[in-house]
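Student: Got a structure here, written out as structure tokens. Questions coming.
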Amino acid sequence: MTHNFLQVALGGAIGASARYGVNIMATRLVPGLPVGTLVVNVLGCMAMGLLASGLALRGGQHLAPFLLTGVLGGFTTFSAFALDTTVLWQRGDSGLAMGYVLASVVHSLAVVSAGLAIGRGIFA
């Protein structure tokens with residue numbers, strides 16, 4: 001168990017650093033737009049699909065804490081959201097998948113707005 005936490009921590013440091021690098025590069029190339037976030041999310045989703053299938057089909061599940069939760073989790077959690085949604089959809093739970101997407105997006109936007117308002121009230 002401790003070994004898995006170390007894998008996640010190391011992978012997370014790598015993924016977060018990569019995300020930071022992509023965001024710096026994207027901001028320099030396309031200032032004023034959140035292109036870095038878009039690039040990170042799209043790349044992360046492609047990597048999640050490739051790695052999740054590869055690890056499952058090639059017996060590499062022992063690498064999942066490092067690669068999927070750690071590296072990709074540090075790079076973008078959107079890839080985990082996309083994989084979870086796709087798994088629900090592919091197993092025939094399309095209504096649950098759509099509900100998950102709707103709930104995730106609506107609640108996330110609502111609580112970030114609330115957090116901004118509360119933060120402005122506290123820190124202004």
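Student: How many residues does segment 26-42 contain that are open to solvent by 70 Å² or more (accessible area, probe 1.4 Å) and either within 19 Å of the chain's Cα centre (by Cα) or of a type in the set (Val, Ile, Thr) (or both)?
Tutor: The total comes to 4.
Student: Moving to a separate point now. Let me confirm something: among ALA80, ALA9, which residue is surrounded by 13 or more Cβ atoms within 10 Å (Cβ to Cβ), over 22 Å from VAL105 (Cβ atoms) and out of contact with any Asp or Glu (no Cβ under 7 Å at 6 or more places or on another chain)?
Tutor: On inspection, the qualifying residue turns out to be ALA9.
Student: Quick one: VAL71 ticks every box in (1) over 18 Å from LEU83 (Cβ atoms); (2) open to solvent by less than 50 Å² (accessible area, probe 1.4 Å); (3) of a type in the set (A, V, I, L, M, F, W, C) bar one, so which box is it?
Tutor: That leaves (1) as the condition not met.
Student: Another question about this same structure. Considering only segment 53-78, how many residues are part of a helix (DSSP H, G or I) and within 8 Å of the chain's Cα centre (by Cα)?
Tutor: 5
Student: Got at least one residue in segment 39-47 being closer than 19 Å to PHE81 by Cα, in a helix (DSSP H, G or I) and either in contact (Cβ under 8 Å) with a residue 60 or more places away in the chain or touching a strand residue (DSSP E or B) at 6+ places or on another chain (Cβ under 8 Å) (or both)?
Tutor: Looking through segment 39-47, none of the residues is closer than 19 Å to PHE81 by Cα, in a helix (DSSP H, G or I) and either in contact (Cβ under 8 Å) with a residue 60 or more places away in the chain or touching a strand residue (DSSP E or B) at 6+ places or on another chain (Cβ under 8 Å) (or both).
The values are calculated or read from the model by the stated rules, or taken from the named source; none is laboratory data. In this text the structure is predicted, and so the values were computed from the model without any measurement. Note that each Cβ is placed from the backbone with ideal geometry, even for glycine, and that neighbours are counted across all protein chains shown. Ligands, DNA and RNA are excluded from the accessible area calculation, which covers all protein heavy atoms including side chains. Shrake-Rupley method; radii C 1.70, N 1.55, O 1.52, S 1.80 Å.
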